[in-house]
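Visitor: Input: one structure, supplied below.
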Amino acid sequence: MRVHTIETGRVQIKASQVIGRGHGLGRRLAPLFDAEWSDWLPVNAYAIEHRDGVILVDTGASAAAMRLPRWHPYLRFCVRFDIEPEQEVGPQLKALGVGSNDVKRVVMTHLHIDHDGGLDGFPTSEILASPGELKRASGIAGRMLGYLPQRWPKNFDPKPLVLDGGPYGPFARSKRLTADGAIVAVATPGHTPDHFSVIVEDGDTAVFIAGDASYSEATMLAGAIDGVSDDEGQARATLAAIRAFAEARPTVYLPAHDPDAAERLAEGRTPRPAPGARASSTAASQSSQPSAFAR
Ligand SMILES: [Zn+2]
């Protein structure tokens, strides 16, 4: 199986969103008053080539993110995008020879605006989202939380992904996404309460597509809570579970906004390589090169 990084433009957020400052409500409001911006970070979606078809995890941002509602304090003061229409995930996949019909499933780790932007490029794909996340993101309440449900495609009606498949390693809840069990969604609550991640089983190595479970591998390893999570204890437990998973076996960790994620994937680099294991053995099966899509 191959996993591909699709970078859909870049985003800047506040430093106190990447690593939360303080606790409780103060931590969640800190980005509003923070003058310090992060570096420009990638907005990554990840495409998995599976024999049943391509599975896309998140859809990245859209060029419409260059114009955000001004009434919302977070959208006005705490986030800025840099993306052109041709950088959206649909056009990028097309350039790689993957049409929207080749994408069997689109799996949404959560529905924040830098993850749902490319949804309209996949009118015939099965879209999977957590029912809890869908409810949270919908309607006026969703808009108040900074989601943009008004920009979803008119026929947007994702299939509920319920993680009723029991525990998976250190994760309490999971669901197989393919019959062969090679692609599995696992509950990673924190950034949003129903956030999930997608694990791709590739021999000895696991590729862990993390959405925004953390903004980087470093903050995951450090157990640093972001400035977004409602429930600090829940977010901390999720980061601990990911660390336990990555300690148990070689894991290429791919958050959506980690500047090093694409390179780690291309090189098969894990935070703790197994003794004697050579990272290059995975590098051969992982590639972000455009020519790597098997047709
Ligand atoms: Zn994000």
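The values are calculated or read from the model by the stated rules, or taken from the named source; none is laboratory data. The structure presented is a predicted model; accordingly, all values stated were derived computationally and were not measured. Please note: Cβ atoms are built from the backbone with ideal geometry, for glycine as well, and neighbour counts cover all protein chains shown. Just the protein is used for accessible areas: all its heavy atoms, side chains included, with ligands, DNA and RNA removed. Shrake-Rupley method; radii C 1.70, N 1.55, O 1.52, S 1.80 Å.
Visitor: Using a ≥ b ≥ c from the Cα gyration tensor of region 46-152 (square roots of the eigenvalues), is it rounded, prolate or oblate, where a/c under 1.5 gives rounded and otherwise the larger of a/b and b/c decides, a/b for prolate?
Guide: It comes out oblate by the Cα gyration axes.
Visitor: Quote the charge dipole size of region 61-139 about the Cα centre in Debye, to the nearest 20; the model charges only the Cβ of Lys and Arg (+1) and of Asp and Glu (-1).
Guide: About 340 debye.
Visitor: Moving on. Please compute the contact order of the chain in relative form: average sequence separation of alpha-carbon pairs under 8 Å and at least six residues apart, divided by the residue count, as a percent.
Guide: 18
Visitor: For region 120-178, just say rounded, prolate or oblate: build the C-alpha gyration tensor, square-root its eigenvalues into a ≥ b ≥ c, call rounded for a/c under 1.5, and beyond that prolate if a/b exceeds b/c, oblate if not.
Guide: The shape class here is oblate.
Visitor: Where the centre of each part is set by its Cα atoms, how far does region 145-168 sit from region 69-125, in angstrom?
Guide: Using only Cα atoms to place each centre, the spacing works out to 14 Å.
Visitor: Quickly estimate the mean residue ellipticity at 222 nm for the chain, helices only: each DSSP H run with n ≥ 4 gives -39500 (n - 2.57), and the total goes over all residues, rounded to 500.
Guide: The per-residue figure over the chain is -6500 deg cm²/dmol.
Visitor: Now for a separate question. Where nothing but the Cβ of Lys and Arg (+1) and of Asp and Glu (-1) is charged, how large is the charge dipole of the chain around its Cα centre, in debye to the nearest 20?
Guide: Numbers: 31 positive and 35 negative charges, 92 e Å.
Here the size comes out at about 440 debye.
Visitor: With contacts defined as alpha carbon pairs under 8 Å and 6 or more residues apart, what's the relative contact order of region 185-245 in percent?
Guide: Reported relative contact order: 34 percent.
Visitor: Among LEU128, LEU56, TRP71, whose Cα sits farthest toward the positive end of the charge dipole of region 42-138 (+1 at Cβ of Lys/Arg, -1 at Cβ of Asp/Glu, about the Cα centre)?
Guide: TRP71
Visitor: Of all chymotrypsin sites (Phe, Trp or Tyr not before Pro) in region 71-160, which ones are in loop regions per DSSP and have a Cβ with at most 10 other Cβ atoms within 10 Å?
Guide: Those that pass, being in a loop and sparsely packed, are TRP71.
Visitor: Which loop-located trypsin sites (Lys or Arg not before Pro) does region 139-206 contain, where loop means any DSSP state but H, G, I, E or B and the Cβ has at most 11 other Cβ atoms within 10 Å?
Guide: Listed in order of number, the matching sites are LYS154.
Visitor: Sticking with this one: Quick one: grab Rg to one decimal and Dmax as a whole number for the chain, Cα atoms only, in Å.
Guide: Over the chain's Cα set, Rg and Dmax evaluate to 17.7, 55 Å.
Visitor: Under the classification rounded if a/c is under 1.5, otherwise prolate if a/b is larger than b/c and oblate if not, where does region 108-237 fall, given a ≥ b ≥ c as square roots of the Cα gyration tensor eigenvalues?
Guide: Oblate, because a/c is 1.5 or more while a/b does not exceed b/c.
Visitor: Moving on to the next point. Compute the length gained on full extension between ARG67 and LEU32: take 0.36 nm times their separation in residues and subtract their Cα-Cα distance, giving the result in nm to one decimal.
Guide: Extending this stretch completely gives an extra 10.7 nm.
Visitor: Here is a further query. Antiparallel as a % of all DSSP beta bridges within the chain, to the nearest 5? Present the calculation step by step, with values, prior to reporting the outcome.
Guide: Numbers: 32 of 46 bridges.
Antiparallel bridges: around 70 percent, rounded to the nearest 5.
Visitor: Leaving ligands, DNA and RNA out of it, report the carbon-plus-sulfur percent of the accessible area of the chain at a 1.4 Å probe.
Guide: Whole-percent figure for carbon plus sulfur exposure: 53.
Visitor: Just to confirm, what accessible area per residue do you get for the chain at 1.4 Å probe, in whole Å²?
Guide: Per-residue accessible area for the chain comes out at 42 Å².
Visitor: Quote to one decimal, in nm, the extra length available between ASP260 and VAL162 on full extension: 0.36 nm per residue of separation minus the C-alpha distance between them.
Guide: Numbers: separation 98, 0.36 × 98 = 35.28 nm, distance 3.09 nm.
Extra length available between ASP260 and VAL162 comes to 32.2 nm.
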